[in-house]
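Notes to accompany the following structure.
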Amino acid sequence: MTNTGISGQHDHGRSDGRDWPVFSSLQGYRRAWLRPDLLAGLTVWAVLVPESLAYASIAGLPPVVGLYAAVPALSSMRWRAAPVT
């Protein structure tokens with residue numbers, strides 16, 4: 001299967017993002033956002049992991065259950081808010 005543009009010409013193996021949805025979500029991402037996004041991600045991780053362990057312990061559950069509960073919260077970062085410009 002080859003990718004063709006609207007005009008029917010081949011695009012020489014370039015993907016428009018439909019093959020890899022992860023990459024299509026990165027279209028328009030600016031390199032300047034990388035450092036603040038990494039800092040925000042590390043901050044969330046530094047708070048979320050101990051907090052989830054503590055809440056599981058308070059509930060009388062094994063701490064690993066708190067980590068399982070943290071996975072949906074971490075995966076929701078994929079749908080992060082647009083950066084303020």
Problem set entry | Residue, farthest from Leu74 (Cα to Cα), within region 50-64, restricted to residues that are part of a helix (DSSP H, G or I) and not aliphatic (A, V, I, L, M) | Ser57
For this session: With the condition kept exactly as written, say whether any residue in region 47-61 is of a type in the set (Ser, Thr, Tyr), surrounded by 11 or more Cβ atoms within 10 Å (Cβ to Cβ) and either in contact with an Asp or Glu (Cβ under 7 Å, 6 or more places away or on another chain) or modelled with pLDDT under 90 (or both).
Result: no
Exercise. Right, Ala69: under 30 Å from Ser24 (Cα atoms) and either in a helix (DSSP H, G or I) or in contact with a Leu (Cβ under 9 Å, 6 or more places away or on another chain) (or both) or not?
Worked result: yes
For this session: Could you check Ala54 against (1) over 19 Å from the mean Cα position of the chain (by Cα); (2) closer than 25 Å to Leu26 by Cα and say which number it fails?
Result: (2)
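The values are calculated or read from the model by the stated rules, or taken from the named source; none is laboratory data. These numbers were taken from a predicted model, which means no experiment stands behind them. Cβ coordinates were reconstructed from backbone atoms using ideal geometry, including for glycine residues, and neighbour counts include every protein chain displayed.
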